[in-house]
1. Quick one: would you say Asp116 is under 16 Å from Pro51 (Cβ atoms) and acidic (Asp, Glu)?
2. Please determine whether any residue of the range 131-144 is farther than 30 Å from Asp22 by Cα, in contact with a helix residue (DSSP H, G or I) (Cβ under 8 Å, 6 or more places away or on another chain) and surrounded by fewer than 17 Cβ atoms within 10 Å (Cβ to Cβ).
3. Confirm whether Ser58 is free of Cβ contacts under 8 Å to residues at least 40 places away in the same chain, assigned to a loop (DSSP other than H, G, I, E, B) and not aromatic (Phe, Trp, Tyr).
4. Where residues in the range 69-93 are polar (S, T, N, Q) and within 19 Å of Val158 (Cα to Cα), which of them is surrounded by the most Cβ atoms within 10 Å (Cβ to Cβ)?
5. Within the range 114-127, which residues are open to solvent by 40 Å² or more (accessible area, probe 1.4 Å) and either out of contact with any strand residue (DSSP E or B) (no Cβ under 8 Å at 6 or more places or on another chain) or in a strand (DSSP E or B) (or both)?
6. Please enumerate the residues belonging to the range 14-39 that are loosely packed, with under 10 Cβ neighbours inside 10 Å and either over 30 Å from Gly146 (Cβ atoms) or touching a Gly at 6+ places or on another chain (Cβ under 6 Å) (or both).
7. Out of the range 73-106, which residues are in a loop (DSSP other than H, G, I, E, B) and of a type in the set (Val, Ile, Thr)?
Amino acid sequence: GGLTTMDWISVPTLLDEVNEGDETAVFELSIVGSTNAPVRVEVTILEDSNPGEVGFVSTRFQINEGATYGYAQIRLWRTLNSRQAATVSYRLDGPAAALAVLGGQTRRTATFQPGDSQVFVQIPLVNDTTAQGTQDVTLTLEPADGGLKLMTGFESSVLTVADDETPGASAPL
C-alpha cells in the first residue's frame, strides 16, 4: 500500500497460571517481493503472575477545602498481576491543621479488586471556618503484603490543600 501505510499485527498470548518470568519474543518482518532485509523486532512479555508494583498516578494532587464534592480524590495504579485483589496502606503527614481538614485520619488503605489496574480513593474534607492558608500533606505508600512492590518515584505524592477562608494574593495595581 505504499511507504505511508501502517497496520497492526495481533499476536495472541496465553493467559496461564505458570510463573515463567519475563520472556522475549523475536519477530522478523519482511515484505514479500522486497529486496530489503527483514526488520527484526524484539518484544518483552512481562510475567503477569508476579505481584507487580503499585504507586500514585501523580506526584502532586490539589484540592480546595470547600470543594463541591466534599472529598479529595487520589488515584493509584498497579502493574502486572491484576487478577487478584490487593490492599495497600498509605499514611498522611503534614501540618495538624491540614490533617484536620482531611478528617484527621493519618493512616488509610486502598483496595484493588480483581481486574482493577487503578483505583480512586476519596479522602473526606472537613470544611472548617478557620483561615489556615494553603498547606501540603505528603501521602506515602507503606510496604505492601504479598510481594506487591512500590513503584520507584511514585511511592509518595503531595496533596496541596487550599483554604477557602484565606483570601488569595491581591493583584498588583
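The values are calculated or read from the model by the stated rules, or taken from the named source; none is laboratory data. Predicted, not measured: the structure shown is a model, and the values here were computed from it. Neighbour counts are summed over all protein chains in view; Cβ atoms, including those assigned to glycine, are modelled from backbone coordinates with ideal geometry. These accessible areas exclude ligands, DNA and RNA; they are computed on the full protein's heavy atoms, side chains included. Shrake-Rupley method; radii C 1.70, N 1.55, O 1.52, S 1.80 Å.
1. Working: under 16 Å from Pro51 (Cβ atoms): yes; acidic (Asp, Glu): yes.
Yes; evaluated as a whole, the condition is true for this residue.
2. Residues of the range 131-144 that are farther than 30 Å from Asp22 by Cα, as a first pass: 131-139.
Checking the rest, the ones that are also in contact with a helix residue (DSSP H, G or I) (Cβ under 8 Å, 6 or more places away or on another chain) come to 132, 135-137.
Of the ones still in play, those that are also surrounded by fewer than 17 Cβ atoms within 10 Å (Cβ to Cβ) are 136.
Yes: the range 131-144 contains one or more residues that are farther than 30 Å from Asp22 by Cα, in contact with a helix residue (DSSP H, G or I) (Cβ under 8 Å, 6 or more places away or on another chain) and surrounded by fewer than 17 Cβ atoms within 10 Å (Cβ to Cβ).
3. Criteria not met by Ser58.
4. Ranking the qualifying residues of the range 69-93, first place goes to Ser89.
5. Let us first name the residues in the range 114-127 that are open to solvent by 40 Å² or more (accessible area, probe 1.4 Å), namely 114-118, 120, 122, 124, 126-127.
Across the range 114-127, the qualifying residues are Pro114, Gly115, Gln118, Phe120, Gln122, Pro124, Val126, Asn127.
6. Result: Val26, Glu28, Leu29, Ile31, Val32, Gly33, Ser34, Thr35, Asn36, Ala37.
7. Those that are in a loop (DSSP other than H, G, I, E, B) and of a type in the set (Val, Ile, Thr): Thr79, Thr106.
To keep it simple, each residue is scored yes or no on (1) in contact with a strand residue (DSSP E or B) (Cβ under 9 Å, 6 or more places away or on another chain); (2) among the charged types (D, E, K, R); (3) at pLDDT below 90.
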{"site": "Leu29", "(1), (2), (3)": "yes, no, yes"}
{"site": "Val41", "(1), (2), (3)": "yes, no, yes"}
{"site": "Leu46", "(1), (2), (3)": "yes, no, yes"}
{"site": "Ser49", "(1), (2), (3)": "no, no, yes"}
{"site": "Gly55", "(1), (2), (3)": "yes, no, no"}
{"site": "Ser58", "(1), (2), (3)": "yes, no, no"}
{"site": "Phe61", "(1), (2), (3)": "yes, no, no"}
{"site": "Leu76", "(1), (2), (3)": "yes, no, no"}
{"site": "Arg91", "(1), (2), (3)": "yes, yes, no"}
